[in-house]
Structures are given as C-alpha cells and as structure tokens.
1. Working from the alpha-carbon coordinates of the chain, get Rg over Rh, Rh being the Kirkwood radius.
2. Round to the nearest 10 and report in Å² the accessible area of Val25, as given by a 1.4 Å probe over the protein chains' heavy atoms.
3. Between region 1-73 and region 108-146, what's the alpha-carbon centroid distance in Å?
4. Thr241 to Thr143: FRET efficiency via 1/(1 + (r/R0)^6), r the Cβ-Cβ distance, R0 25 Å, to the nearest 0.05?
5. Using alpha carbon centroids, what distance separates region 262-310 and region 178-221, in Å?
6. Please give the net charge around Gly281, taking every other residue with its beta carbon less than 12 angstrom from that of Gly281, where Lys and Arg add +1 and Asp and Glu add -1.
7. Where the accessible area of the chain is counted over protein heavy atoms with a 1.4 Å probe, how much of it, in %, is carbon and sulfur?
8. Using 1/(1 + (r/R0)^6) with R0 = 25 angstrom and r between the beta carbons of Ala248 and His196, what's the FRET efficiency to the nearest 0.05?
Amino acid sequence: MSVHTALFRRLFLINGLVFTVGTLVLALSPATVSSPVVLTELPVLLVGLAVILAANALLVRTSLAPLGSLATLMQRVDLLHHDDRLTDGGNGDLAHLISTFNEMLDRLEAERNAASAHALAAQEGERQRIARELHDEIGQSLTVVLLGLKRVVDRAPDDLREELRGVAEGVRSSLDEVRGVARRLRPGVLSDLGLHSALTALSSEFSQASGLPVTRRVEVPHGLDGDVELVLYRIAQEGLTNVARHAAATRAELTLGQEQAGLTLRIRDNGRGGVTRDGAGIRGMRERALLVGARLTVESPPGEGTEVVLVVPA
Ligand SMILES: Nc1ncnc2c1ncn2[C@@H]1O[C@H](COP(=O)(O)OP(=O)(O)OP(=O)(O)O)[C@@H](O)[C@H]1O
Ligand SMILES: [Mg+2]
C-alpha cells in the first residue's frame, strides 16, 4: 500500500467513525430540531458540533503523531550514528512510511560509507606518495649533502672544521625530521613490523614529544585484516594527538585487546574531559570506524578525562 493511500485510509476511517457516531446519536436521542431552528435548540446543536469537532481533532492528531516524530528524526539524523532509526510503535498503516524512511537511511548510509571509503583510500594514497617523495627525494638529497660535508670536514683547515661540523649536525637533524614526517605519514612499520610495533613506536614517540607517560597494553590477535590494522593505527594516532593537544592530562593509556564485544581499542587520559562537539578529527575517527563495521564512542565527563573506545566486532 502506498504512503498516500495509507494516509487517506486512516483519515477516512477516523472521519467515517466520527460521522457514524454523530449520526447514531442523532437518530437514537430524543432531541429534535425544528425548522426554522428554535432558540432553545441552538445550545444543543452547538454543543453537539463542538463534541464532534473535538473528537475528530483528537483522533486525527493522535493518529498523525508518528509523522511528528518522523520529522524530528529527519532533522536530527546523523549518518555517523548507526542506530538512528525510527521504531514502528505499532502504527499500523503508517508502518510503511516508517520503513520506507528507514530504508532510505540505510541506502544513504551505504552510499556515504562508500564515498568516505573512497575519500579515505585517496587520502592514504596521497599520504603514501608524499611520504615516498619526502623519503626518496629530499631524504636522498640531504644524505648526499651530509656525505659531502663529512668528506669536506676531514680536509678542512682547523679553523673551519668546527663550523662545518655544526652545519653537518644541522643537516643530520633535518634529515631525521624528514624521516620522522615520512614515517608519520606512512606507518611503514605497520606493513614491515605489524600493528604491535607500530603502536609501540607511536606511543613512545608520543611520550617523547609530549612528555606524558603512556601506559600501554597491546595484544594484537593473529591474522588481523590489513584495513582494520590501518583503522586502529589511525584512530590511536588521532586519539593520542588529541590528548596532547586538548586534554591537559598527566597520564595517558593505550590498550588494545580482545574483549567480550570484540577487539577493543581504548585511548584514555586523566585530563579535563568535556568533549561536546565532534571536530574534523573525531568525525574522521567515526568515518574510519564505519569503514570496518566498528563502533566508536567518546566518553568525556567534564573534569574526569576522556576515553575513546573503538570496538571491532568479531
Ligand atoms: N582528549 C581530549 N581531552 C579534552 N578535550 C578533547 C580531547 N579530545 C578532543 N577534545 C575536544 O574535542 C574537540 C574536537 O576534537 P577533534 O579531534 O574532533 O578536533 P580538533 O582536535 O580540534 O581538530 P583536528 O583533530 O581536526 O585537528 C577538540 O577541539 C577539543 O576541544
Ligand atoms: Mg583532533
């Protein structure tokens, strides 16, 4: 049955019911109406009309209430939250409208997932390209400069040698920086050494850069999918970056392991908490989570720190 037939039937039934009851009351009651209307009959007529109108209004209103909640959901729905669906509270023929709407949400969600998968794949590809160029081009050129400088240092007159050593030191630290940036762009350790080492390296780099101690407990199950690994790594990366940037914490914790609900990643801090809005970073985490069918939650009571939890169901 189409939506508009359903609505028509519903309104027709209500009106029919009210008219029938009205007619029955009129037929069975002792009240009579003379023509022309006598003044004393007028209040009875008016009260009767008011009762009919009120009954009709009440029935139509209750019967259309699901449309109101549908409209509210339409305004609020966020495709990043998978469970935003309208439940059919036994609404009979309106069930069709509700299920059509839910189907539309499913379709939009699927399309959105495909689009963000595409965008994220493009982003990863671009990062790899930049990382490769940084490493292979700039890294190589700097290495050549560094080797050249070393040769010159050995043959330089004494008064220049110290200065040249300083220059060589500067080039060496630039080289380290370039390598560091390339590594962050492309978690090469991920493919080379696996997720465990990648997360270990990530958290110790984070500790070094931010001065925050990180408690780490990482257990990576065997045969984890490559896509899932990358999602876990990127979410840990963004979570820790947020701790350093926003939390004003004194401790952080990174755990990964099998729990009842599935493989669970937690990034926790003891900082200020109170995350209320999703910025680009948290939205990005949600999008990545959806890509592998995982669920991301951010618990952040003000003053009690923040916990980002990602659950990848088995
Ligand atoms: N661990 C945290 N502790 C306290 N506040 C946080 C924490 N993580 C995020 N926030 C708050 O939530 C907001 C949104 O975070 P999100 O990562 O989405 O964006 P961002 O870090 O501000 O920007 P981006 O990640 O795009 O560079 C932050 O601006 C910050 O106010
Ligand atoms: Mg962020």
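1. Result for the chain is an Rg/Rh of 1.32.
2. 90
3. Between the Cα centre of region 1-73 and that of region 108-146, the gap is 67 Å.
4. For Thr241 and Thr143, the calculated efficiency is 0.30.
5. Cα centres, region 262-310 to region 178-221: 19 Å.
6. Local charge sum for Gly281: +3.
7. Accessible surface attributable to carbon and sulfur in the chain totals 60 percent.
8. For Ala248 and His196, the calculated efficiency is 0.25.
The values are calculated or read from the model by the stated rules, or taken from the named source; none is laboratory data. Only a predicted model underlies this, so the values are computations on that prediction, with no experimental measurement involved. Cβ atoms come from the backbone with ideal geometry, glycine included; neighbour counts cover every protein chain shown. The protein model used for the area step is the full one, side chains on, heavy atoms only, and it has no ligands, DNA or RNA in it. Shrake-Rupley method; radii C 1.70, N 1.55, O 1.52, S 1.80 Å.
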